[in-house]
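Below is one structure, written out as structure tokens, with a few remarks after it.
The values are calculated or read from the model by the stated rules, or taken from the named source; none is laboratory data. From a predicted model like this one, the values you see are computed outputs, not experimental measurements. Using ideal geometry, Cβ is built from the backbone for each residue, glycine included, and neighbour counts are taken over all protein chains shown.
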Amino acid sequence: MGVILKKTNLNVLFFTPFYYQNRGNATTARRIEKGLSREVEINIFPYEEKVYDSSVKERMEKADIFHILHFARFVKWAEKNQVKLDKPYIVTSGGTDINHSLIEDEERYLPLLKKAKAVTVFTKDAKEMLINQYRLSDEVVHVIPQSVYLPAHDRSRQPLPLPMGTPKLLLPAGLRPVKDVLYALRSILMLKTNFPEITLLIVGANLDHHVYSQVQDAVKKYNWLHYLPEIELSRMRELYEWTDLVINTSFTEGQSTSLLEAMSLRKPVIARINIGNCSIIRHNENGMLFQDHEELYHSVKKVLSDKKIYNHLCETGYQTILENHTIETEVESYLNLYTK
């Protein structure tokens, strides 16, 4: 249980690339807004979705501190709009920022981090990378794991068009190359021998035309594969209740909100080995990890064939959320940095 914090007069302007589209950054922004709104005055500006105009400039003037999500996108947007930061600011970085953007163009992105009041990352590995490879101070970089925010679902609404078949596998991910959403197909073809009625549902926004086209072709080819475009965050609970198992096939992750959401609802998770996924999952303890098609095949088969293992992963996964990913702890950590 987190510490109960008194409301402060602090005015925070939170810069997020997305807020309205249902993708990872938007989920993070909404969650932080929900948690912090009880403690500070927080204003959200989705800089990839809204126009930078005089009203935004006024909010920047009134703010005591800025909080920036996704530094690579923010730097590009700030350059384009000639935005100058004249207040203390905190940067929160996910996986794409550190694992791709910073490596590709350190000279462009590192100055923003160097001048920050604090830089927060989701994992210890990400912190070590910023300190050891990019010479950021240990006192500046902080690890704040993501928590879970699933708004209440209005059950009076028309149910989602979810596919038949069992067991049911769910892969929530926006369609872009780094998510590698079709990676599991080979393993599922192997699983058809053990589970003839198996079904896989991919859910996520169309963020890349080429990947979307590949998914559409695969859906036409395999009658057990289904795709559902992005849905409201409040409806994700319906998907987790429908599925038997949640998988993640991303090349890289900052820290997957879909894995955390699934674990919070006592659903077992199987994820590809990467820094972000390994920060959440301990193999055979609170989930399963894989690095190739054979391991994915054996992991899914093992979890779905043994009820004892299935139930164990559900319960230990849920305990992981209670111990390491509560919104109270996340909010307290950010508030401490704001007021430090």
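Considering every residue within the stretch 260-283, establish whether at least one is farther than 24 Å from residue 163 by Cβ and of a type in the set (Asp, Glu). No; the residues of the stretch 260-283 include none that is farther than 24 Å from residue 163 by Cβ and of a type in the set (Asp, Glu). Taking the listed residues 84, 62, the one that is loosely packed, with under 14 Cβ neighbours inside 10 Å and either touching a Pro at 6+ places or on another chain (Cβ under 9 Å) or in contact (Cβ under 8 Å) with a residue 12 or more places away in the chain (or both) is 62, with no other qualifying. Among the candidates 76, 57, the residue that is over 30 Å from residue 203 (Cα atoms), of a type in the set (Lys, Arg), out of contact with any Cys (no Cβ under 6 Å at 6 or more places or on another chain) and free of Cβ contacts under 8 Å to residues at least 24 places away in the same chain is uniquely 57.
Taking the condition out of contact with any helix residue (DSSP H, G or I) (no Cβ under 6 Å at 6 or more places or on another chain) and touching a residue at least 40 places away in the same chain (Cβ under 8 Å), does residue 9 pass? Spelling it out, it is not the case that residue 9 is out of contact with any helix residue (DSSP H, G or I) (no Cβ under 6 Å at 6 or more places or on another chain) and touching a residue at least 40 places away in the same chain (Cβ under 8 Å).
Listed by first and then second residue, the pairs with beta-carbon distance under 8 Å, at least 6 apart or on different chains, first residue in the stretch 263-292 and farther than 16 Å from residue 245 by Cβ, second of a type in the set (Val, Ile, Thr), are 274/252; 275/123; 275/252; 276/123; 276/252; 279/123; 285/316; 291/273. Checking the structure you have, find out if any residue of the stretch 170-187 is buried (at least 16 other Cβ atoms within 10 Å of the Cβ), touching a strand residue (DSSP E or B) at 6+ places or on another chain (Cβ under 8 Å), in a helix (DSSP H, G or I) and not basic (Lys, Arg). Among the residues of the stretch 170-187, at least one is buried (at least 16 other Cβ atoms within 10 Å of the Cβ), touching a strand residue (DSSP E or B) at 6+ places or on another chain (Cβ under 8 Å), in a helix (DSSP H, G or I) and not basic (Lys, Arg), which makes the answer yes.
Please verify whether residue 260 is farther than 19 Å from residue 123 by Cβ, surrounded by 16 or more Cβ atoms within 10 Å (Cβ to Cβ) and in contact (Cβ under 8 Å) with a residue 60 or more places away in the chain, treating the condition exactly as stated.
Considered against the rule, which asks whether it is farther than 19 Å from residue 123 by Cβ, surrounded by 16 or more Cβ atoms within 10 Å (Cβ to Cβ) and in contact (Cβ under 8 Å) with a residue 60 or more places away in the chain, residue 260 comes out as no.
Yes or no: the stretch 18-39 includes at least one residue that is of a type in the set (Gly, Ala, Ser) and part of a loop (DSSP other than H, G, I, E, B). Spell out how you get there, then give the answer.
Within the stretch 18-39, the first condition is being of a type in the set (Gly, Ala, Ser), and the residues that meet it are 24, 26, 29, 35, 37.
Remaining after also requiring part of a loop (DSSP other than H, G, I, E, B): 37.
For the stretch 18-39, residues of a type in the set (Gly, Ala, Ser) and part of a loop (DSSP other than H, G, I, E, B): present.
Here is the figure for the stretch 144-162: residues that are small (Gly, Ala, Ser) and either within 24 Å of residue 255 (Cα to Cα) or in contact with a strand residue (DSSP E or B) (Cβ under 6 Å, 6 or more places away or on another chain) (or both) total 2.
Cβ separations smaller than 7 Å between residues 6+ apart or across chains give the following pairs from the stretch 240-251 residues that are assigned by TED's automatic domain parsing to the domain that holds residue 290 to residues that are among the hydroxyl-bearing types (Ser, Thr, Tyr) and part of a loop (DSSP other than H, G, I, E, B): 248/256; 249/183. All conditions in (1) assigned to a loop (DSSP other than H, G, I, E, B); (2) modelled with pLDDT of 95 or more; (3) over 28 Å from residue 327 (Cα atoms) hold for residue 116, with the sole exception of (3).
Output the number of the condition that residue 52 fails; it satisfies all remaining conditions of (1) more than 25 Å from the chain's Cα centre (by Cα); (2) in a helix (DSSP H, G or I). Unmet condition: (2).
With a requirement of 1 or more residues that are within 25 Å of residue 70 (Cα to Cα), the strands (runs of 3 or more DSSP E) lying completely within the stretch 216-288 that satisfy it span 245-248, 269-272. Among the residues of the stretch 65-72, are any in a helix (DSSP H, G or I), under 16 Å from residue 88 (Cα atoms) and within 16 Å of the chain's Cα centre (by Cα)? Checked against the condition, which is being in a helix (DSSP H, G or I), under 16 Å from residue 88 (Cα atoms) and within 16 Å of the chain's Cα centre (by Cα), the stretch 65-72 yields at least one hit. Any residue in the stretch 300-314 that is farther than 14 Å from residue 173 by Cβ, without any contact (Cβ under 8 Å) to a residue 12 or more places away in the chain, outside any helix (DSSP H, G or I) and in the same structural domain as residue 175 (by TED's automatic domain parsing)? Scanning the stretch 300-314 turns up at least one residue that is farther than 14 Å from residue 173 by Cβ, without any contact (Cβ under 8 Å) to a residue 12 or more places away in the chain, outside any helix (DSSP H, G or I) and in the same structural domain as residue 175 (by TED's automatic domain parsing). Scanning the stretch 276-291 for residues that are surrounded by fewer than 21 Cβ atoms within 10 Å (Cβ to Cβ) and not acidic (Asp, Glu) yields 278, 282, 283, 284, 291.
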